[in-house]
Amino acid sequence: MRVNGRLVHDPEFGVLFGRDIVTVAGSEMQAAKPVYLMLNKPRGLVTSTSDEQGRDTVYRCFDGAGLPWISPVGRLDKASEGLLLFSNDTSWSARITAPESRIDKTYSVQIDRVASSDDLTRMQHGVDIDGERHAVKRASLLRSGGKNSWLEIVLDEGRNRQIRRILSSFDITVLRLIRVRIGALELGDLAKGQWRNLEANEVSTLSR
């Protein structure tokens, strides 16, 4: 690889597209067009490019789409569903996932009991897990049946499996967990396993 005519061997050498000229084997490289999209992740898919256990990944949903390289913006675990962002704009992704961004993420969560007001209060008060305090920003009851209920839970941080870990500490089992909103961006009626490109205003609003 050559940058502005100078031979460079470091694959992580930083360049500024639009200013620096990068050539490989004599051909000038062009920056890929920025891509921003949302996926309604189905349950059972792993959020990674590949899986050492041979499990299906979220990239199965993009088969045949002809997209450039894209990476997940944040994560949803294998058992979770719903809104998942992807982009090839690493700066945009970093702004959204940065701890200081505090972007609200809203989930619909089905649990194995009819939640009481005390349950909701405890979730918001939080619990110590492995020496760290974990709490949800907001928790409210959406609807309930005879043996289970649906909650709306809002987080403003992105710790691994945080909702499941908090509820498990109160002996509450999560039956389904669906992310329905990130900031002002809603999953809406996007079908499971389907994706769409974000509108320009959605891209700018998320990283504001």
request  = Kindly indicate which of L37, L67, L45 is of a type in the set (A, V, I, L, M, F, W, C) and over 24 Å from K105 (Cα atoms).
outcome  = L67
message = Return the pair list, or none, for Cβ contacts closer than 6 Å from residues in segment 114-128 that are assigned by TED's automatic domain parsing to the domain that holds S144 to residues that are assigned to a helix (DSSP H, G or I) and not β-branched (V, I, T), at least 6 apart or on different chains.
response = V127/S169
task = Would you mind stating whether G183 is farther than 20 Å from L206 by Cβ, surrounded by fewer than 18 Cβ atoms within 10 Å (Cβ to Cβ) and touching a residue at least 24 places away in the same chain (Cβ under 8 Å)?
result = no
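The values are calculated or read from the model by the stated rules, or taken from the named source; none is laboratory data. No experiment lies behind these values; they were computed from the predicted model shown. Neighbour counts run over all protein chains shown; Cβ positions are idealised from the backbone, glycine included.
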